[in-house]
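Note sheet for the following structure.
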Amino acid sequence: MSPFSSWPNQGSLLWVGRPSPSLKESEIFQFARLLICGKDSRNHTLFETGVHPDFYLIEPTDSRWIKIDQIRALIDWANTRPQISTRKLAIIYPADALNLQAANALLKTLEEPMPEMLFILVSVYPKTLPATLLSRCHWIRHRSGQQPVEMDDNLRKQILQDLKKLRKGEVDPVIVAASWLKNNSEALISGLMVVLYESLTRAAHANTVAAIKPSAFEFLDLIYEAKRCIQEKAPANMTLLIENLLIQYIHSYGKKLDSTEFSDLRHCERSEAIQKHLHVIPAKAGIQ
């Protein structure tokens, strides 16, 4: 059975895989054309020439990121009814290129689309996307797509063990950060993202999503922003960055922070400093 057979008339889909041989020659793009054009030859001509009024394609322009201005223009377009087709359809490729501000701006529109409005987000590495965005999409995994690279087993084991200790309040986040910083920064942040996302995926499969704190999704977004800072080579103190993430992890998953629990109280000041330095948005509830 085709994975497209159960597609809705409206909503948001996450197509996981690398379009091959290119986006416009891929199965996903050709099926999008069929959804928009049907058997109408005029519609097909408009689509092929890139001027169909009910189809919208977003790709990175002058950089490798999809920016908030592009998403705002998409939202304005998406909030109108179809002109010549029975539905409107937008493709965002690669969705991995959405910066955090752009992804956040898109959330409400993905959650409450206009009738007959369908969004398709194409992602090669979905685990790098904000969890709040992923939670609003129906997933379709393309078998021939490239899968995320597996993380190092030793790094995975270290992350899992340390996170467990942090949740129980058995270790100081400053000490854990010092240990983690012996690894490559980008590999570490990516590994942390993968481990936490996998835990949310298991919860979804076990139908225990209701037990997940909203702050857990906010924490994953902080990791996404930290990864962006590293990829864009933004000036950053990696020690402060990792310490801040671990402190936020305790807030999201562990017991309430108590200023008497840790021998080094500088981490609270460091958390505030790194948030200001990188313009990282803290979890709504803050550190209490």
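The values are calculated or read from the model by the stated rules, or taken from the named source; none is laboratory data. Remember, predicted model here, so these are calculated numbers, not experimental data. Every residue, glycine as well, gets a Cβ built from its backbone with ideal geometry; the counts of neighbours run over all protein chains shown.
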Task: Matching residues, region 49-91, being surrounded by fewer than 13 Cβ atoms within 10 Å (Cβ to Cβ), of a type in the set (D, E, K, R) and farther than 19 Å from L118 by Cα - done: D62, R64, D69
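Under the condition of being among the small types (G, A, S) and under 21 Å from K127 (Cβ atoms), which residue from region 150-188 is surrounded by the most Cβ atoms within 10 Å (Cβ to Cβ)?
Top of the filtered list is S185.
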- [ ] Tell me which of these F4 doesn't satisfy, since it passes every other one: (1) assigned to a loop (DSSP other than H, G, I, E, B); (2) at pLDDT 85 or above.
- [x] (2)
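Does region 24-40 contain at least one residue that is in contact with a Lys or Arg (Cβ under 6 Å, 6 or more places away or on another chain) and of a type outside the set (D, E, K, R)?
No, every residue in region 24-40 fails to be in contact with a Lys or Arg (Cβ under 6 Å, 6 or more places away or on another chain) and of a type outside the set (D, E, K, R).
Being within 25 Å of K227 (Cα to Cα) and touching a residue at least 24 places away in the same chain (Cβ under 8 Å) is the requirement here; does R87 meet it?
On the way: within 25 Å of K227 (Cα to Cα): no; touching a residue at least 24 places away in the same chain (Cβ under 8 Å): yes.
In short, no.
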TODO: Taking the options T109, T128, name whichever one is at pLDDT below 85 and buried (at least 19 other Cβ atoms within 10 Å of the Cβ).
DONE: T128
Open item on the list: Against the definition (modelled with pLDDT under 85, small (G, A, S) and either in a loop (DSSP other than H, G, I, E, B) or over 18 Å from V122 (Cα atoms) (or both)), how does S85 come out, yes or no?
Closed with: no
